[in-house]
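For reference, the structure discussed in these notes is given below.
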Amino acid sequence: MELLLKDVLIIPEPDTAQIFRANIVIEDNIISTIAPNAQIPDPEFIIRGKSLVVLPPPINSHSHLPMTLLRGFSDNKTLMAWLQDIWEIEGKFNARWITLGTKLACLEMIKAGIGGAADFYFHESLIGKVMQEAGIRGWLGAGILPSAFVDQGGYEFQLGEFNRIIEYSKRSPLIYAAIAPHSQMTVPEEIILKTADLAESHQVPLMIHSSETRKEVLDSEDRYGVPPVERLEQIGFFREDTKEILAHCTWITQREVEILGKHQVTVGWCPVSSQKLAYGGVTPVPELRTAGALVALGTDGAASNNTLDLWREMREASNVISASRWDPALYPAEQVLEDTCWSFRRNFHPDSLIKVDNQADLVILNFQVPHLKPMHNIISNIIYAANGSDVHSLIVNGTLLMHNRKVLTLNETEIIDEIEENVKELV
């Protein structure tokens, strides 16, 4: 596919001083030229507009994509009451529901300009096929939870799914394998360590939920004498050549912050889900960044969020840090944008940053709307005023997934109709 973006504002890094206006030429899946007068003889699409702003698409650092089917199903409940509702219905999730929920998630992400997701679920080989069809990048964490989906094969099936994702990722430019033990509360330590061994031997990311609630921390201290992240280090979870993603880390100590920094762990924090489920704590983002950990924004599942809109998540991320710490300068807009559009990408796929000869991953925002005017500070407007509906177009790996709000890789009407017709059967 050959594309020409004309006279657009480009944010190559989250620093307002570096924003500039130019043309971008995309040939095959590569950015071939970035220059004020760059041209290409006969592009398939031309996207132009002085109010169009281009930056790397956000990556969702922690998601449970099929859970879009449970959006609004169980709201305004504490975590355990909510989980009981969710786990009961998730037991019905077979291939049909996994596929349908992922289609809805991919459609929602494309409409919101999201270029990829680190997903943490079961049946990830099915999820990968849908993401490939949609054109979105996926880091697929094969969920390991021996007590789940027992009637579908349980633990052995889950290990098999990991192997299937490994093989599938070898054939796809968009899909990357990962393994994901559910949590220290739900998975025995010997199995957690086996997943760490598998991640190390296959050189793939290792995901786990950690320190999500105060109860989880207290239970770990009662059982082991230390909180969860310290316990992970004690048992040898962190490996020198493995990239770990710890989701949430809502209740962690300064000692644990230093552990995560030492191992350069990626923390996928989900401020909207955390507030909605009333975890009480706030992920110490400024301290994590100072310690050397990588912070990347995620949404969690649509059953607890209730959207996959990372633009909304950015606003909440900045506001919750400011409000809880009494300091509006502690987590400024530039850092929030970096942790959503750059941090995960730099660590897991740097070849897709906006540079000549890199793979073309670009999201295009339309600033020709009242709530994004005037443009005193473009990054401030993105964080505090923009929404997913402000996305004009989305390009991933050189493919135009959405052009001027029209999705090109999925049938929007068909997916929505299928959801409306079938979801009542699930619940």
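Here are some notes:
- Spacing of the modelled spin labels on residue 357 and residue 20, each 7 Å from Cα toward Cβ, amounts to 1.8 nm.
- Local electrostatic count, residue 400, Cβ distance below 11 Å [Lys/Arg +1, Asp/Glu -1]: -1
- Span from the the range 379-427 Cα centroid across to the the range 86-104 one, whole angstrom: 20 Å
- Acute angle (nearest 10 degrees) that the helix 95-111 long axis makes with the longest principal axis of the chain, alpha-carbon atoms: 40 degrees
- Only beta bridges with both residues in the chain are counted; by DSSP, about 40 percent of them are antiparallel.
- Alpha-carbon centroid distance for the pair the range 151-204 / the range 315-361, whole angstrom: 28 Å
- Cut-off 10 Å between beta-carbons: net charge of the residues surrounding residue 115, Lys and Arg +1, Asp and Glu -1: +1
- Within-12-Å neighbourhood charge of residue 160 [Cβ basis; K, R +1; D, E -1]: -3
- Under DSSP loop assignment and at most 16 Cβ neighbours within 10 Å, longest GluC sites (Glu not before Pro)-free interval of the chain: 45-239
- Dipole magnitude for the chain: computed about the Cα centre from +1 point charges on Lys and Arg Cβ and -1 point charges on Asp and Glu Cβ, it is near 880 debye.
- Signed unit charges on C-beta, dipole axis of the chain, positive-most listed residue 26, 278, 298: 26
- Which listed pairs, of 111/215; 6/170; 129/243; 276/355, have C-alpha distances above 32 Å, in listed order: 111/215; 6/170; 276/355
No lab work stands behind these numbers, since they all come straight from the coordinates. No experiment lies behind these values; they were computed from the predicted model shown. Note: ideal-geometry Cβ built from the backbone for every residue, glycine included; neighbour counts use all protein chains shown.
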